[in-house]
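Below is one structure, written out as structure tokens, with a few remarks after it.
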Amino acid sequence: MSRIASVLIPMPLPEAFDYAEPEGMALSAGDHVAVPLGPRLVRGVVVALRASLGGNRPLKPVAERLDDPALPPGTVEFVQWAARYAVDSPGQPLAIALRGARTPKPRPVRVASATGLMPARSTPARARVLEVLAKGPVAPAELARAAGVSSGVVKGLIDEGVLALVQIASEAAFDPPDLSLRGAALNASQSAAAAVLAGDAKAGGYNVALLDGVTGSGKTEVYLEAVAAALAANPDAQVLILLPEIALTQAVIARVSSRFGAQPGEWHSDVAPPARRRVFDAVAAGRCRIVVGARSALFLPFRKLTLIVVDEEHDTSYKQEEGFIYQARDLAVARARIEKAGVILASATPSLETLRNAEQGRYRWLKLTARHGGAVLPDIDLLDLRETPPEPGQWLSPPLRLAMAETWARGEQSLLFLNRRGYAPLVLCKACGERMTAPDTDSWLVEHRYSGRLVCHLTGFSMPKPTACPHCGTRDSLVSIGPGVERVEEEARELFPEARVAVFSSDTIFDAREARRMVESMAAGEIDILVATQAAAKGHNFPRLTLVGVVDADLGLRGGDLRAAERTYQLLAQATGRAGRRDLPGRALLQTYAPEHAVMQALKAQDRDAFVAAEMAEREMAGLPPFGRLAAVIASGPDGAQLEAFMRKMAEVAPNAPGVEVYGPADAPLGLIRGRRRKRFLVRADRTVDLSAYMAAWRARVRPPGAIRVAIDIDPYSFL
Ligand code: ADP
């Protein structure tokens with residue numbers, strides 16, 4: 001009986017397409033295939049096979065089965081679930097899942113192996129070569145190095161037929177984790193949490209735990225015990241540790257490596273294609289049992305995923321806002337449900353969504369209340385900038401400068417935190433008042449002194465800083481308004497010419513290796529003052545850091561979006577949590593114009609519960625997440641009138657449903673990006689509503705004109 005293969009293609013197409021299975025191809029679900037699409041052959045993945053009943057128009061046949069490891073059923077199901085949830089084409093998450101398969105396989109390598117022939121003439125050098133080979137084949141150059149002989153010795157043995165060169169596939173050898181190694185001796189509250197998590201891991205099955213502990217309480221030590229238990233429970237078990245930032249991966253990889261005596265698979269956008277391919281193949285084959293990665297690692301083809309750790313679960317970097325829009329923390333829980341795996345959400349400042357789930361008993365709630373080893377949390381003081389303002393043209397107020405001087409005199413380190421890249425967020429002309437903006441986008445150009453350019457952080461557009469105002473032509477009239485990290489660095493250098501000052505932001509640190517070097521040199525005490533954006537505010541341990549100065553604590557509050565207060569609280573709690581560890585007490589100073597604000601008061605009192613309670617009450621009253629659901633529709637097009645007409649049409653056909661309110665259309669706050677006008681709807685729904693289904697039904701009622709793009713954002717984090 002002939003069969004029909006339903007094939008999902010990693011492109012924004014609405015659904016899987018049917019193809020005929022050629023005689024004898026014997027496809028299975030998950031197989032990679034080449035199929036004709038228009039005039040081309042494209043890659044796809046078989047998601048289902050069914051018997052052909054005949055009679056219909058003949059289908060095009062599958063062209064070829066590709067030699068890539070099949071996607072396991074859990075991965076295929078997850079991809080389809082994610083698409084339905086995000087109201088997007090299943091080809092979009094599939095494209096993420098196939099990133100590893102679409103990079104070419106590393107070329108086979110040539111290795112020397114012993115043929116069994118004895119050398120005609122035996123020398124000590126030749127004996128050493130054979131000794132090294134007794135453990136298995138090795139590349140010739142490596143062989144000579146390991147045996148301590150010249151390459152001529154190896155070549156002589158090959159010529160004699162004692163050694164043969166063979167081609168083997170270049171597979172990454174992921175050493176199996178050594179489960180006989182022990183982690184740190186845990187303190188009482190760490191042990192209690194670890195025992196519960198290890199028990200869950202051993203029992204197996206779907207469950208979610210929140211590991212809620214202040215910075216430095218040893219959450220990483222604790223979840224590594226759960227990882228050990230999960231790996232021990234099943235010889236095939238695989239574990240995924242998700243991190244919000246590439247900059248954090250190196251530190252966690254180092255800790256995993258030393259805990260398990262084996263390097264984990266590393267997965268993020270900075271991993272070079274051949275290495276990416278090796279991780280993909282090894283994960284699919286079950287040879288790689290621990291992966292440490294950024295959000296897209298969630299789409300890897302795990303064969304037996306039994307535990308997912310989401311570290312810094314509150315971090316908004318888990319939300320992917322371009323292309324396929326998803327929240328990796330939420331999808332981690334969904335994937336775990338599909339795989340019948342456990343999830344550990346770790347944070348010092350959990351998201352309100354997660355706290356609500358923990359309060360309601362849907363997640364297990366484990367708390368670590370003290371820093372390890374008696375280290376105390378820093379004292380936090382608010383510096384009211386209305387009372388002690390910085391001098392004009394400066395950004396560090398006198399009390400902060402004094403604290404920095406005291407810290408420097410004691411030979412300790414300071415961290416100045418400002419979540420703003422570049423030198424100045426705005427450049428304007430003092431002659432005509434013109435603000436420098438990008439030519440096709442509603443946003444200010446940010447001045448970068450290191451590169452001498454003005455940069456649009458939204459689109460990447462950049463231009464050299466002009467010497468005359470492009471509007472009125474006046475020379476030398478452009479002035480830099482407000483501070484970015486580069487400007488604070490300049491001030492710190494002027495203030496402490498002897499000190500070693502460094503900047504840590506995504507403009508100065510380009511990849512994971514550089515981030516690691518910077519973190520290591522800070523940890524080693526080679527930097528006195530570090531000026532940093534949030535890239536450095538997370539997760540690192542700096543033993544001699546005793547002062548954290550927050551240059552502009554009000555910055556995050558100005559955005560005015562739903563999570564502004566929550567995010568500010570989390571970011572500043574993280575940043576101030578860097579100060580003081582072990583034997584050195586730390587302090588944190590927050591420069592603010594709004595010391596009376598609930599966020600500032602909660603930070604000063606270090607009373608997270610009070611802040612959370614107040615914030616929860618406000619959200620509940622408004623029916624906002626986590627008490628209700630939100631979704632956004634963002635439409636964009638080159639022609640304002642056409643966009644307006646389309647949005648009116650959309651408003652007319654919005655389905656009526658109880659418990660759903662549609663707001664808009666409205667101009668997006670960023671009304672123009674890359675020459676495209678933008679408009680939005682915001683939808684609020686009760687928790688009982690299946691909002692994805694509602695949005696899918698709405699979208700099906702309109703067909704946007706070709707020039708208009710419509711994106712749906714379930715649970716939006718950005719309201720621009
Ligand atoms: P968190 O993830 O909660 O910020 P970490 O696990 O990174 O905390 O722990 C903070 C620091 O304290 C790390 O340097 C860690 O090695 C150390 N530490 C935590 N618990 C222990 C322990 N039980 N024994 C020894 N060192 C510990």
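The values are calculated or read from the model by the stated rules, or taken from the named source; none is laboratory data. Only a predicted model underlies this, so the values are computations on that prediction, with no experimental measurement involved. Here Cβ is always computed from backbone atoms with ideal geometry, including for glycine, and neighbour counts include all displayed protein chains. Note: accessible area is taken over every heavy atom of the protein model, side chains too, but ligands, DNA and RNA are not part of it. Shrake-Rupley method; radii C 1.70, N 1.55, O 1.52, S 1.80 Å.
Condition first: in contact with a strand residue (DSSP E or B) (Cβ under 9 Å, 6 or more places away or on another chain) and not in a helix (DSSP H, G or I). Now tell me which residues in the stretch 323-344 satisfy that. Result: Ile325, Tyr326, Gln327, Lys340, Ala341, Gly342, Val343, Ile344. Taking the stretch 234-292 as the region of interest, how many residues are under 14 Å from the mean Cα position of the chain (by Cα) and within 16 Å of the ligand (Cβ to nearest atom)? Of the residues in that region, 11 qualify.
Contact map, the stretch 262-278: first residue in the same structural domain as Pro301 (by TED's automatic domain parsing) and outside any helix (DSSP H, G or I), second residue open to solvent by less than 10 Å² (accessible area, probe 1.4 Å) and among the basic types (Lys, Arg), Cβ cut-off under 7 Å, separation 6 or more or different chains; the map is empty.
As for the stretch 91-107, it holds no residue that is of a type in the set (Gly, Ala, Ser) and more than 46 Å from the chain's Cα centre (by Cα). Note on the stretch 140-190: residues that are open to solvent by 60 Å² or more (accessible area, probe 1.4 Å), hydroxyl-bearing (Ser, Thr, Tyr) and within 32 Å of the chain's Cα centre (by Cα) total 1. Evaluating Pro543 against the criteria (1) at pLDDT 90 or above; (2) assigned to a loop (DSSP other than H, G, I, E, B); (3) open to solvent by 20 Å² or more (accessible area, probe 1.4 Å) leaves one unmet condition, (1).
For the stretch 203-233, the tally of residues that are assigned to a loop (DSSP other than H, G, I, E, B), open to solvent by 10 Å² or more (accessible area, probe 1.4 Å) and within 14 Å of the ligand (Cβ to nearest atom) stands at 4.
Scanning the stretch 324-375 for residues that are over 19 Å from Glu615 (Cβ atoms), away from the ligand (no atom under 16 Å from the Cβ) and among the hydroxyl-bearing types (Ser, Thr, Tyr) returns a single hit, Tyr326. Annotation note: of Glu526, Glu514, Glu520, the sole residue that is within 30 Å of Glu221 (Cβ to Cβ) and within 16 Å of the ligand (Cβ to nearest atom) is Glu520. Is there a residue in the stretch 185-198 that is away from the ligand (no atom under 16 Å from the Cβ) and of a type in the set (Gly, Ala, Ser)? Scanning the stretch 185-198, I find no residue that is away from the ligand (no atom under 16 Å from the Cβ) and of a type in the set (Gly, Ala, Ser), so the answer is no.
Sub-9 Å Cβ pairs linking a first residue in the stretch 305-328 that is closer than 17 Å to Val710 by Cα and open to solvent by 10 Å² or more (accessible area, probe 1.4 Å) to a second residue that is within 16 Å of the ligand (Cβ to nearest atom) and in a strand (DSSP E or B), at least 6 apart or interchain, number zero. With the condition kept exactly as written, say whether any residue in the stretch 615-634 is assigned by TED's automatic domain parsing to the domain that holds Thr407 and within 16 Å of the ligand (Cβ to nearest atom). Among the residues of the stretch 615-634, not one is assigned by TED's automatic domain parsing to the domain that holds Thr407 and within 16 Å of the ligand (Cβ to nearest atom), which makes the answer no.
Among the criteria (1) within 16 Å of the ligand (Cβ to nearest atom); (2) more than 23 Å from Ser317 (Cβ to Cβ), the one Met600 does not fulfil is (1).
For Asp175, the requirement of being out of contact with any strand residue (DSSP E or B) (no Cβ under 8 Å at 6 or more places or on another chain), within 30 Å of Arg289 (Cα to Cα) and not assigned by TED's automatic domain parsing to the domain that holds Phe280 is met.
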